[in-house]
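Below: the structure, in structure tokens.
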Amino acid sequence: MPASKSPDTYRSWPQQVLRFFGKILFYFIVLSIGGTLVFRFVPIPITWTMIDRKITNGGKLYYDWTSYDEISPEMALAVVASEDQRFPQHFGFDFEMMGSAFKNNLKGRRIKGASTISQQVAKNVFLWQGRSYFRKMLEAWFTLLIEVIWGKQRILEVYLNVAETGPMTFGVEAAAQRYYGKSAAQLTRTEAARIAAVLPSPNRFLIARPSSYVQRRTNSISRQMRALGGKSYLIF
């Protein structure tokens with residue numbers, strides 16, 4: 001007759017489960033902080049979005065990492081004016097914009113630009129595309145990490161390099177070379193504004209063949225760049 005298990009054995013099961021998940025959480029925290037520290041200094045080699053585009057579409061991937069100092073200040077200002085005008089002030093989250101997005105979602109409408117540049121970088125570098133609550137929680141964690149460990153200039157540098165700017169094209173250097181035949185350092189205000197204008201949907205709105213919408217958006221971004229005070233707005 002087998003010996004019966006003691007009450008202590010049964011009580012240990014919850015402890016074992018908690019210990020197991022505690023280890024997973026510990027390793028996740030260590031690895032995520034370690035990875036964020038590494039990418040504070042190392043160029044991003046590839047992102048999940050790049051991999052997805054390569055698998056889905058095939059063909060050549062246009063991606064050329066370029067340091068922040070070798071990108072036109074007009075380009076940095078253009079993406080901030082277009083995507084996240086409170087970028088220098090917030091700590092990764094624009095709660096005012098998030099509140100507006102929430103109210104619009106309740107009414108059945110959706111708002112563009114609810115995610116900050118920091119959130120977009122966290123998603124693009126460390127996570128996959130998706131809309132689950134679990135992924136959003138991970139995005140919030142990595143957003144806090146890069147705000148603390150990287151700082152604003154590094155976040156903007158990464159964004160300018162990994163943002164999708166056209167079909168199979170990532171980063172402003174690749175876009176500048178492919179569509180303007182020049183380096184990102186040489187981009188004018190209008191050219192930078194046009195690149196920023198297609199960011200909401202770079203496979204639908206094209207830099208090379210701008211629609212009337214892209215042209216209007218380009219002009220709007222140029223005006224907002226001037227309204228923000230020009231390149232001095234991004235002195236970190």
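Here are a few things to note about the model shown:
- Full extension of the chain segment joining residue 67 with residue 17 gains 13.4 nm, where the gain is 0.36 nm per residue of separation less the Cα-Cα distance.
- The H on the amide N of residue 116, modeled in the peptide plane, is under 5 Å from the matching H of 94, each at least 5 residues off or on a different chain.
- Considering only alpha-carbon pairs that sit under 8 angstrom and 6 or more positions apart, the relative contact order computed for the chain is 26 percent.
- Kyte-Doolittle mean at least 0.5, axial Cα span of 30 Å or more - DSSP H helices of the chain: 7-38
- Counting every C-alpha pair in the chain, the share spaced more than 27 angstrom apart comes to 41%.
- Dipole magnitude for the chain: about 820 debye, using +1 per Lys or Arg Cβ and -1 per Asp or Glu Cβ, origin at the Cα centre.
Values in this text are rule-based calculations from the coordinates and carry no lab data. These numbers were taken from a predicted model, which means no experiment stands behind them. All Cβ positions, glycine included, derive from the backbone under ideal geometry; neighbour counts span all protein chains shown.
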